[in-house]
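Any read-out appearing in this document is the output of simple, stated calculations on the displayed coordinates, not a laboratory observation. Keep in mind that this is a model prediction, so the values were computed, not measured. Reconstructed Cβ throughout: ideal geometry from the backbone, glycine too, with neighbour counts over all protein chains shown.
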Amino acid sequence: MPDSFFASSKTRKRKRSQPTPSRQNGTKFKSKPSKPSKKPRLDEELSEHSGDDNDDNEWGGIQDMDLRAEEPDPNASDDEDIDETPAEKRLRLAQLYLDSVKESLADGEFDAAEIDKEIISSRLKQDVLSHSGKVHLFIADSYSSSLRSTLQPPPTLRTRGHRFSVTSAVTSSSAKYLYTSGKEGSIIKWDLITGKKLATVYKSRPLESMSSAKNKGKGKAKAQDSTDVQGHTDEILTIALSSDGKYLASGGRDRRLIIWDAETLSLLKIFQGPMNHKDTISALSFRHASHTLFTASFDRTIKLYDLTPSILGYTETLFGHQDSILSVSSLSGENCVSVGGRDKTARYWKIVEESQLVFRGGGRSRVREILEGGLRADDIDAEREEEEGKKEKKGEGYVEGSLECIAMIDESTFVTGGDSGYAPTSSHFANLTSHTRISHSSISLWSTTKKKPVFTQPLAHGLHSVHSSTEGLIQTPRWITALTALPYSDLFASGSWEGQIRLWKLDPKLKSFSLLGNVSIPGVVNSLQLVSPPKSFFTSRPQPTPASTSNPITTITTTAAASLPPASATGATPESGSSWLPHSLLHSLTSSSSTHILLSSPLTFIIAGTGQEHKFGRWLTVKEGAVNGAYVVALLPSDSDSAGGGVLGVNGQSNVEGSRTF
């Protein structure tokens, strides 16, 4: 007989077929809420129109979701094939790219008959290398014979329109217009083809000075809002132009960052006050092919601004420098480099990673360590002293004193310039005086893969000699005041105040650099830029006039130095419709025979902003031959000399009647 327990007629809970209601509050365990109970709230958050007439269908399960792929748009691409394999797709895209290259070459630079496999191959290689972010233009050697030739100078344009020193001179990649800024607070726009002045923006008068003059002797005046002033109210120290030539940015001692329409020079935006710089704006740089602007200031910060029309505002601040930031540079990548003056550091900023690499310009000086309390005079490491003695014998005892300027060569290589000093050993400390301490201006080559300079060139611009009645001959270094590089090439330039701009050639392995040649430019070089104009710059030129009618004021003459206009002149330019470049040169550069020459070794413009004073102060004044203006020097490849009829004086006639160099 079965057990009564198994014979029980009591119904078990697990066999209940009807859904049970929710348990009472006194139950020990609470059942989990069913998933459909959350569906209405989630659907309400995702969509405002999730409801239906039938409440039961409001939160359907995954079975109710439409997981089918969208129907392809028949108008999206006629060439797209659903059954296309990856290899066929790559082949189709490559063919489309080749067709676009041919169309661009035929429309812009070459005739359809001239397009061959060699030109297309060169263009494809150029595109690949340009996207790599590394040095790929090895063109410096093509300018060597032109720079070393003493028979003829390169064609030169000089602009004069500023009362005080020109602090910055820039142009876009199209090289259509030139923009200059001066310490008097004005910005001038020039036609780079003819040298004609097109527009001027003058310094605005501060509201405080106007109100004080109006209410003089009437007690305290009401405070004025400085944002009502349109324009700059003090010295403009730096300007920058976007690569597409759309925006012009300017900054200076009034702590204002102003964005201008580059075409009309109309004011678009003023950045001032909270979240903006709190001290003098010292340097500006646009990211290539972008509207991202990097700004540097004496407040030791770098700020980023996005100038796209939909944003046009501040985005980020970078901290790290311990002294005033004097220079900033950027290329196409999402990074920039800067130097911090007396903090003796160059910093490589990685914007996306929100990090920075710090490069210290030189080792520690024994004198500095003693003066700062880091060492006692009698506590000297004998081993380090022996190493310093070896460096002294080899002439390597240079310690960076300040980093003044910086320029990016490619995405991982840059150069810095400034002044550096000889680090004496303890045996020289007792005899160290202000007159016996020797300092040297140097240019250093850096790589992001090494903490120390790859190569350093001391005394890059020589020594300045001064005769003293008590001390005799005193020699002081000429520090580097400006640096620039032709992007992704082996050519860069430096400036000081000895009357010459020096061009340097990088080693193919980027391990060193050497002097390529000099270009005579008088005065203090406050800014430099190297740019290779496109062929459209020459094809869109006005009809040139004969050389005999060219204006000697703009294209400078050897014998007419005394006939130059006074500094207050508004800026003489060539005759209307004429070009400062000689006709023979323009014809050679636009002719079909020079097509391959122009593609391999382009014409390069050196754009320099000069003056009688340094842009940051008045501690240095150069009077002899110095002019407050901008210079544009045309450097031609050696192969173009003969094609242009000896434009640079290798074997031909003078480029412009009476032209000269300084």
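Determine the shape class of segment 487-534: with a ≥ b ≥ c the square roots of the Cα gyration tensor eigenvalues, call it rounded for a/c under 1.5, and otherwise prolate if a/b is greater than b/c, oblate otherwise. Verdict is oblate for segment 487-534.
What is the gain in length, in nm to one decimal, between Arg618 and Leu459 on full extension, counting 0.36 nm per residue of separation less the C-alpha to C-alpha distance?
Difference between extended and current length: 54.9 nm.
When the C-alpha to C-alpha distance is required to be over 27 Å, the pairs from Lys450/Lys505; Lys197/Lys535; Lys278/Lys452 that qualify are Lys278/Lys452.
Within 14 Å, Cβ to Cβ, of Ile501, how many net charges do the neighbouring residues add up to if Lys/Arg are +1 and Asp/Glu are -1? Write down the numbers at each step before the final one.
Working: positive: Arg158, Arg478, Arg502; negative: Glu498.
The answer is +2.
Stretching the chain fully between His467 and Leu96 yields a gain of 126.6 nm (0.36 nm per residue, less the alpha carbon separation).
Using the average count of surrounding beta-carbon atoms within 10 Å as a protection proxy, the listed peptides 471-484, 513-526 rank, highest first, as 513-526, 471-484. Modelled spin labels at Glu316 and Arg360, positioned 7 Å past Cα toward Cβ, are 2.6 nm from each other.
So who's got an amide H within less than 5 Å of the one on Cys336, skipping anything under 5 residues away but keeping other chains? H placed 1.01 Å off N, in plane. Answer set, sorted by chain and number: Trp349, Ile351. Here the label points at His131 and Lys450, each 7 Å from Cα along the C-beta direction, are separated by 3.1 nm in the simple model. Computed 3J(HN,Hα) for segment 309-319, one whole-Hz value per residue from the Karplus formula 6.51 cos²θ - 1.76 cosθ + 1.60 where θ = phi - 60°, is x, 6, 10, 6, x, 6, 10, 7, 10, 10, 10, glycine and proline marked x.
Close amide-amide hydrogen proximity is noted between Glu404 and Gly417, Gly418, Asp419, each under 5 Å apart and 5 or more residues distant or on a separate chain (H modeled in the peptide plane; Pro and chain starts excluded).
For Ile521, nonlocal amide neighbours, meaning residues 5 or more places apart or on other chains whose placed amide H falls under 5 Å from its own, are Gln500, Ile501. Karplus-based coupling profile of segment 409-414, in residue order and whole Hz: 9, 9, 5, 10, 9, 8, with θ = phi - 60° in 6.51 cos²θ - 1.76 cosθ + 1.60 and x standing for Gly or Pro.
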